Amino acid sequence: MAAGTQAAQAQQVEPATIRLLPEDQERGQYGHQQNFYFLPPGKTGEDYQNAGFFGGKLRPYLAGNTSALGELNNYKRQKTLFLADKVLLVGAVGLYGSQVFSHGDPVYFNGAQQAAAGVALVSLLATIFINRHTNEYLKQAVDNYNTVLPGTHGTLWPKLRPTSVGVAALGGRPGLALRWQL
């Protein structure tokens, strides 16, 4: 009888979901750009795995879930833009520095330096826009994976969940704006 009870309890285990490290789950817009850590489906405890810089180590677990993979692809795109932006910033600062003593006497604002300073400024401003939703894409990929699992939230909610939520002006008054993608 005891073996039958244990078998019944083993079958009632929660569905295999992916869980993010609690600190990673709390990241919001403009959060720091470090790797996420996650517990794979069916794992418990504190054995969190690194998802990798582009989330590649999470990809095998999301296979077969197109919405989760789409969000993971968005995350990878944002991280690629983040790296390209940093390379551009370092290149602009390097160009500026190389122009200081290029003509013998120190020059701090010639034409090449002005261009490099402009590129560096654009790069710094681009960082704000690149980092805005980067972390949310990975969190949404995990959420999409977890909501599609059978029995987690029912089958109706994922179909009715809005794709975006915002605020809109309706007759001069703010109102809730919901959008669904069909």
Förster-model FRET efficiency, 22 Å R0, Val122 and His32, C-beta, rounded to 0.05: 0.50
Between helix 66-100 and the chain: long-axis angle, C-alpha atoms, 0 to 90°, nearest 10: 20
Cut-off under 5 Å, modelled amide H: who pairs with Ala177 long-range: Gly166, Val167, Ala168
The chain, accessible area per residue, ligands and nucleic acids excluded (1.4 Å, Å²): 65
Tilt relative to the chain, helix 134-148 - C-alpha long axis, 0 to 90 degrees, to 10: 20
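The values are calculated or read from the model by the stated rules, or taken from the named source; none is laboratory data. Just so it is clear, the structure is predicted and the values come from calculations on it, not from any experiment. Here Cβ is always computed from backbone atoms with ideal geometry, including for glycine, and neighbour counts include all displayed protein chains. Surface accessibility is based on the protein's heavy atoms, side chains included, excluding ligands, DNA and RNA. Shrake-Rupley method; radii C 1.70, N 1.55, O 1.52, S 1.80 Å.
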